[in-house]
Amino acid sequence: MRVRKNASEITDDTLLWYSRAVEAMKKKDITDPTSWWYQGAIHGYGLDKSANLALGESWSQFSIWQQAQGFPPPNSLVHSQFWQQCQHGTWYFLPWHRMYLQFFEAIVAKTVIELGGPENWTLPYWNYCDANNPALNDDQQLQALNLPTEFGTKQPTPDFTGLWMEERAQYTLSSKQDASCEAALALEHFTTVQPSQSFGGVKTGFSHDSGTFGKLENNPHNLIHVDIGGAMGDPNTAALDPIFWLHHANIDRLWQSWIDRGRENTSDSSWLDQAFDFHDAKANPVSVKVKDVLSTEALGYTYSENYPDVKSHDGNKVSALISLEGNEMFDTIAATTKSFSLSSKSTSAKLEFLPEKQQVAKVSALATLTTQRSSQVIIALDNITGSGVVGPVNVFVKTFASSERVFVGKIGLFGLTQASTASVRHAGTGLNVELDATEALEQLRKQSGWKIEDLRIEIEPNRELGEANVIVGRVSIKAEV
Ligand SMILES: [Cu+2]
């Protein structure tokens, strides 16, 4: 049994051999399924030439792919069933990435042996969740925000040049909030009608990207992608950064940790029987079904450590979430009526409220402190379109009269450009993200003179937008019926 270990606790040569294997795989032609380039293109491929020059970044999708051996690849490959297959915004997000990692790990392991390294090379994971681990002290928590040192900072770490990537916006996550793992793990259901209550994502057909993110996919998955930024910030280049694979190993570990808490995957046969195409380590095509990858042990690996089952993680959000059954109905009580652009500063969304008589939701419960469990409130941002790599975006609530804002959560617009362009794989209608706003509104309603109609939502990117642009189609507030 292979044991996938925490990259920052590894004492053997795993990362050294990973670095050497990356360099060897980069020398292979893009048409070779075991090359670094082909493996990256399975996730996504694109040749957009725009770069975030305003942020001092000089790279683009095009400049990154241009480095590939054998570039440009034949069109037949670009449009084959093997390339551009990544499953985001869907309940296939977790199983597809598990398969992807499994074959990648086998290819790297074979490469390591060919280079004269040890047998059984195993993919490590990047445990950024430790940034919120209450068992660690402040220094240790902050340390978890850094890329493992072998991946370099502004320059490569000697002996680990294969793990370095020039095309990164940051080497340290900008905030612990981008790596909060407990809120997703506390959810009870794999899939529900409400994306923010779904651990594994929403039910879709075979989809490259439906645009609607489940809880785990938004935070931490998307936020880690866009916070590191650069190649990692875009699905068309993300898997070319060696840290991508350690990030997804951690996501896969979180799935296993969730199962080990006694949770269950969906038993829907359309999920279980969905098949995906890959290549094995010998470059032979293989087709794998979701039901074939539900046990990591059957696949031959485990994790050195589960994500701890600590109820106090991420503060008290957990208690509110844990009481949810997963079948609550939500009613829209307020929404914006016009789309609006984000700026690098704060943008305030003007909401229009339904007359109270027409609201089915328990809005009245929101306005008092007498109810036992406050009704759940969701803030939904829909049809977010635009282009470029955008860093994490903060969402706050405040009242019209007060300048004091309350933090609701963050959204990661991973795949923004693709989701905004109509194509075979995308409707072009943009990304959709939901945040649980129950705790934030509870805090807000303690302010004197609180009236729900005075509510404002503020949206603020935590990095300059540069040449990226973001249009939010609609912001709405949904309360439990
Ligand atoms: Cu990813």
Checklist entry - Identify, please: which residue in region 421-433 is modelled with pLDDT of 90 or more and more than 16 Å from the ligand (Cβ to nearest atom) and is, among those, most open to solvent (accessible area, probe 1.4 Å)? => result ASN432
Next on the checklist: So in region 438-457, with the set limited to residues that are surrounded by fewer than 18 Cβ atoms within 10 Å (Cβ to Cβ) and within 28 Å of the chain's Cα centre (by Cα), which one is nearest to VAL377 (Cα to Cα)?
Outcome noted: GLU442
Next on the checklist: Is it the case, given these coordinates, that SER287 is away from the ligand (no atom under 16 Å from the Cβ) and either within 21 Å of ILE107 (Cβ to Cβ) or of a type in the set (A, V, I, L, M, F, W, C) (or both)?
Outcome noted: yes
Checklist entry - Is it fair to say GLY233 is farther than 26 Å from VAL78 by Cα and either away from the ligand (no atom under 15 Å from the Cβ) or in contact with a helix residue (DSSP H, G or I) (Cβ under 9 Å, 6 or more places away or on another chain) (or both)? => result no
Item to check | Where a residue in region 113-126 is assigned to a helix (DSSP H, G or I) and its partner, wherever it lies, is loosely packed, with under 13 Cβ neighbours inside 10 Å, with Cβ under 8 Å and at least six apart | outcome: ILE113/GLU119
Checklist entry - Pairs, please: C-beta under 9 Å, at least 6 apart or cross-chain, first residue without any contact (Cβ under 8 Å) to a residue 12 or more places away in the chain and in region 242-257, second surrounded by 24 or more Cβ atoms within 10 Å (Cβ to Cβ) and part of a helix (DSSP H, G or I)? => result none
Checklist entry - How many residues does region 161-179 hold that are in contact with a Cys (Cβ under 8 Å, 6 or more places away or on another chain) and not in a helix (DSSP H, G or I)? => result 0
Checklist entry - Does ASP178 fit the bill of being under 17 Å from HIS43 (Cα atoms) and either surrounded by fewer than 24 Cβ atoms within 10 Å (Cβ to Cβ) or within 16 Å of the ligand (Cβ to nearest atom) (or both)? => result no
Checklist entry - Mind checking which residues of region 236-278 are open to solvent by 10 Å² or more (accessible area, probe 1.4 Å) and either within 22 Å of SER19 (Cβ to Cβ) or within 16 Å of the ligand (Cβ to nearest atom) (or both)? => result ASN236
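Per-residue answers, yes or no, for (1) out of contact with any strand residue (DSSP E or B) (no Cβ under 7 Å at 6 or more places or on another chain); (2) assigned to a strand (DSSP E or B); (3) assigned by TED's automatic domain parsing to the domain that holds ASN146:
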| position | (1), (2), (3) |
| --- | --- |
| MET232 | yes, no, yes |
| TRP245 | yes, no, yes |
| ALA249 | no, no, yes |
| LEU254 | yes, no, yes |
| TRP258 | yes, no, yes |
| PHE278 | no, yes, yes |
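Per-residue answers, yes or no, for (1) assigned to a helix (DSSP H, G or I); (2) out of contact with any helix residue (DSSP H, G or I) (no Cβ under 6 Å at 6 or more places or on another chain); (3) closer than 30 Å to TRP91 by Cβ:
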| residue | (1), (2), (3) |
| --- | --- |
| LEU142 | yes, yes, no |
| ALA183 | yes, no, yes |
| ASN218 | yes, yes, yes |
| ILE224 | yes, no, yes |
Next on the checklist: I'd like the residue in region 69-93 that is touching a Ser or Thr at 6+ places or on another chain (Cβ under 9 Å) and open to solvent by less than 10 Å² (accessible area, probe 1.4 Å) and, out of all such residues, is nearest to the ligand (Cβ to nearest atom).
Outcome noted: HIS88
Item to check | Which listed residue, of TRP65, TRP91, is modelled with pLDDT of 95 or more and within 25 Å of the chain's Cα centre (by Cα) | outcome: TRP65
Checklist entry - Can you find a residue in region 128-145 that is modelled with pLDDT of 95 or more, in contact with a strand residue (DSSP E or B) (Cβ under 6 Å, 6 or more places away or on another chain) and surrounded by fewer than 22 Cβ atoms within 10 Å (Cβ to Cβ)? => result yes
Next on the checklist: Given the criteria touching a His at 6+ places or on another chain (Cβ under 8 Å) and either under 18 Å from TYR301 (Cα atoms) or of a type in the set (D, E, K, R) (or both), does TYR100 qualify?
Outcome noted: yes
Checklist entry - Which of (1) in a helix (DSSP H, G or I); (2) within 16 Å of the ligand (Cβ to nearest atom); (3) open to solvent by less than 20 Å² (accessible area, probe 1.4 Å) does PHE103 not meet, given it meets every other one? => result (3)
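The values are calculated or read from the model by the stated rules, or taken from the named source; none is laboratory data. Model, not experiment: these values are computed from the prediction. When we count neighbours, we look across all protein chains shown, and the Cβ atoms used for this are built from the backbone with ideal geometry, even at glycine. Just so you know, the surface numbers come from the protein's heavy atoms only, side chains and all, with ligands and any DNA or RNA stripped out. Shrake-Rupley method; radii C 1.70, N 1.55, O 1.52, S 1.80 Å.
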